[in-house]
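Below is one structure; the comments refer to it alone.
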Amino acid sequence: MLDEKKTAAFQVRMRPSVKAAAEKAAADESRSLASLMEYLLIEHLKAKGYLK
């Protein structure tokens, strides 16, 4: 079982306009960009049945 207290890093490339929109959304929610990306990915994976 994975130790959920640790984090794994990965690099992602995206269009500058997408990054700018994500940074604005993160700021509006008082989150870091990394925190927003993790939240959105978790929600997507839950919706698709990959995470509980």
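Brief remarks on what is shown
- Percent breakdown of C-alpha pair distances by 5 Å bin, ordered from the shortest bin, for the chain: 4, 17, 20, 26, 20, 10, 3, 0
- Between K24 and T7, residue separation times 0.36 nm minus the direct Cα-Cα distance comes to 3.7 nm.
- In order along region 23-40, phi translates into HN-Hα couplings of 5, 5, 4, 4, 4, 5, 9, 6, 10, 7, 4, 4, 5, 5, 4, 5, 4, 5 Hz, rounded to whole numbers, per the Karplus curve 6.51 cos²θ - 1.76 cosθ + 1.60 with θ = phi - 60° and x for Gly and Pro.
- Residue-span extension gain [L33 to K46] - 0.36 nm each, minus C-alpha spacing: 2.7 nm
No value in this document is a laboratory result; all are computed from the given coordinates. The model shown is predicted, which means the values in this text are computed figures rather than measured ones.
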